[in-house]
1. Computed FRET efficiency, Cβ-Cβ of LEU16 and THR57, R0 30 Å: what is it to the nearest 0.05?
2. May I ask you to derive the FRET efficiency for ILE48 and ASP27 from their Cβ-Cβ distance with R0 = 30 Å, giving the value to the nearest 0.05?
3. Between MET113 and HIS9, what FRET efficiency comes out of the Förster formula 1/(1 + (r/R0)^6) with R0 = 22 Å and r the beta carbon distance, rounded to 0.05?
4. Considering all alpha-carbon pairs of the range 28-71, what whole percent are spaced by more than 15 angstrom?
5. Starting with the highest mean, order 71-77, 90-96, 36-42 by the number of other Cβ atoms within 10 Å, averaged over the residues of each peptide.
6. Can you compute the equivalent ellipsoid semi-axes for the range 1-88, i.e. the square root of 5 times each eigenvalue of the Cα gyration tensor, sorted largest first and rounded to whole Å?
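FYI, it's all coordinate maths here, none of it is from the lab. Values in this document were obtained by computation on a predicted structure and should not be read as measured data. Cβ atoms come from the backbone with ideal geometry, glycine included; neighbour counts cover every protein chain shown.
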Amino acid sequence: MKPEDPGGHEDIARRLAQYAADLRFQDIDPQSLYAAKTLLIDSIGCAIASHHSTTLTKCRALVPNFPGPCTVLGTSMRTTMDMAAFVNGAAVRYLDMNDTYMGPGDPGHPSDMLSACLGMTGSLITNRSIGKTSG
């Protein structure tokens, strides 16, 4: 018996995943593409600036305990998706300089999701290159 999903979260997640899977590069309008590139470059710059901080050094020290296929930004280290999202997210957000986003209602900075997306991408690329499939 499947539990109820009163908020419809499963449906929203499924629809978002389908949208992302169906999206083609040529479908992205120039303004959105420019914004995405700006946010990505801003986030990577923040990660570079925080790389040598004590906090990030401590975060990276956890990585060897969680071997996996995903990249830790600025290193040759590989780890699990969740650990890559944690360490890369800490790197992007640590100095809190990523302030290029001022969207409608300013609900949050898109870089908050970026590290999870990059972690997932690293895993998908690695699994595809060695012939693994999910499910």
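1. E(calc), rounded to 0.05, equals 0.30.
2. 0.45
3. 0.85
4. Across the range 28-71, Cα pairs with separations above 15 Å total 62 percent.
5. 90-96, 71-77, 36-42
6. Those come to 30, 23, 12 Å.
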